[in-house]
Amino acid sequence: MWNVFYPHFLINNVAELTPERLRELDVENLLLDVDCTLKQYENQEPEPEIREWLKKIKSAGFKFCLLSNGVGKRIGKFAELIGAPYIAKACKPFPKGCRRAIAEFHFDPAKTVLVGDQIFADIMAGRLVGIRTILTKPISPEQEHWFTRIKRPFEKIVLRSFKQRFPDGIWLASEE
Ligand SMILES: [Mg+2]
């Protein structure tokens, strides 16, 4: 039951997911959360390091789609800026938006990973669909809305238990 809260892997920043690393992990497609994963909450542009990373994974042939709970207009503008398809109002932690992205872009679920900064939205959504999930540290936690901030202490509890059980992450044991 706890597994639904557990990411398969932890990173500090999406830029750690180099093309080499993604290939090692047998990942071809990425569903990417937007706020606090690719950009600061109040900023409408990606962080420079992340813009570079997006270019790099795109030219290396990886496919990605933005998957955000944000409203279409705002997320659409961001998607246009980085030249990516998107699904807004994804209703994470519910699996609806995630399922839609996989179906719409013909992603192989076994080779798709969801990357986001919130356990009780991103990780749960990916887990409920049965794909692998990566939790990144939020880029700008100080800018988050209160409804995100109140969830953070609970995330810390989950993460502590995750790290005790799986000190090296659980990529290979994802289906156990
Ligand atoms: Mg986020």
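Report the local net charge at residue 118: Lys and Arg +1, Asp and Glu -1, summed over other residues whose C-beta lies under 14 Å from its C-beta. Can you show the working numbers first?
Details: positive: 92, 127, 137, 149, 151, 152, 156; negative: 33, 35, 117, 122, 144, 155.
Spelling it out: positives minus negatives among the neighbours equals +1.
With a sphere of radius 14 Å drawn around the Cβ of residue 80, what net charge do the other residues whose Cβ falls strictly inside it have (Lys, Arg +1; Asp, Glu -1)? Don't jump to the answer; show the numbers that get you there.
Working: positive: 39, 51, 73, 74, 77; negative: 45.
Charge balance in the 14 Å sphere: +4.
Pulled fully out, how much extra length does the chain show between residue 49 and residue 10, if you take 0.36 nm times their separation in residues and subtract their Cα-Cα distance? Write out the running numbers ahead of the final one.
On the way: separation 39, 0.36 × 39 = 14.04 nm, distance 1.86 nm.
This chain segment gains 12.2 nm when fully extended.
Give, as a single signed number, the net charge of other residues whose beta carbon lies under 14 Å from the beta carbon of residue 156, with Lys and Arg counted +1 and Asp and Glu -1. Intermediate results must be reported in sequence, preceding the final value.
Values: positive: 137, 149, 151, 152, 160, 163; negative: 117, 155.
Around residue 156, the charge tally is +4.
Given only helices, namely DSSP H runs of n ≥ 4 each adding -39500 (n - 2.57), what is the per-residue ellipticity at 222 nm of the chain, to the nearest 500 deg cm²/dmol?
Values: 7 runs with 62 residues, N = 176.
The per-residue figure over the chain is -10000 deg cm²/dmol.
Return one whole number: the accessible area per residue of the chain in Å², for a 1.4 Å probe.
Working: 9080 Å² over 176 residues.
Per residue, the chain has 52 Å² of solvent-accessible surface.
Please say if segment 2-166 is rounded, prolate or oblate, where rounded means a/c under 1.5 for a ≥ b ≥ c the square roots of the C-alpha gyration tensor eigenvalues, and otherwise the choice is prolate for a/b larger than b/c and oblate otherwise? Could the numbers behind the result be given before it?
Working: a/c = 1.32, a/b = 1.12, b/c = 1.18.
In terms of gyration-tensor shape, rounded.
Please go through the residue pairs 73/96; 56/89; 92/156 and name each one whose alpha carbons sit more than 25 Å apart in this structure.
Details: 73/96 20 Å; 56/89 27 Å; 92/156 19 Å.
Too far apart for the 25 Å limit: 56/89.
Please list, ordered by chain and number, the residues whose modelled amide H lies under 5 Å from the amide H of residue 86; skip anything fewer than 5 residues away on the same chain.
Placed amide hydrogens put 66 under 5 Å from residue 86.
How much length would be gained if the chain were fully extended between residue 26 and residue 94, taking 0.36 nm per residue of separation minus their Cα-Cα distance, in nm to one decimal?
Values: separation 68, 0.36 × 68 = 24.48 nm, distance 2.52 nm.
Between residue 26 and residue 94, full extension yields 22.0 nm more.
Can you sort 108, 168 by solvent-accessible area, 1.4 Å probe, largest first? Walk me through the numbers on the way to the answer.
Working: 108 65, 168 130 Å².
Result of the area sort, largest leading: 168, 108.
Based on alpha-carbon centroids, what's the gap between segment 1-21 and segment 40-75 in Å, whole number please?
After rounding, the separation between the Cα centres reads 17 Å.
Could you run the Debye sum over the Cα atoms of segment 1-99, one equal point scatterer each and no solvent, and tell me log10 of I(q)/I(0) at q = 0.17, 0.22, 0.25 Å⁻¹, two decimals?
Log10 I(q)/I(0), no solvent term: -0.81, -1.31, -1.52.
Leaving out ligands, DNA and RNA, and with a 1.4 Å probe, what % of the accessible surface on segment 47-132 is carbon or sulfur? Display every interim value, and only then the final one.
Numbers: 2340 of 4010 Å².
Heavy-atom surface of segment 47-132 belonging to carbon and sulfur, 1.4 Å probe: 58 percent.
The values are calculated or read from the model by the stated rules, or taken from the named source; none is laboratory data. Quantities reported herein were computed from a predicted structural model and do not represent experimental measurements. No Cβ is skipped: glycine too gets one built from the backbone with ideal geometry, and neighbour counts run over all protein chains shown. Quick note on the areas: whole protein, heavy atoms, side chains included, nothing else; ligands and nucleic acids left out. Shrake-Rupley method; radii C 1.70, N 1.55, O 1.52, S 1.80 Å.
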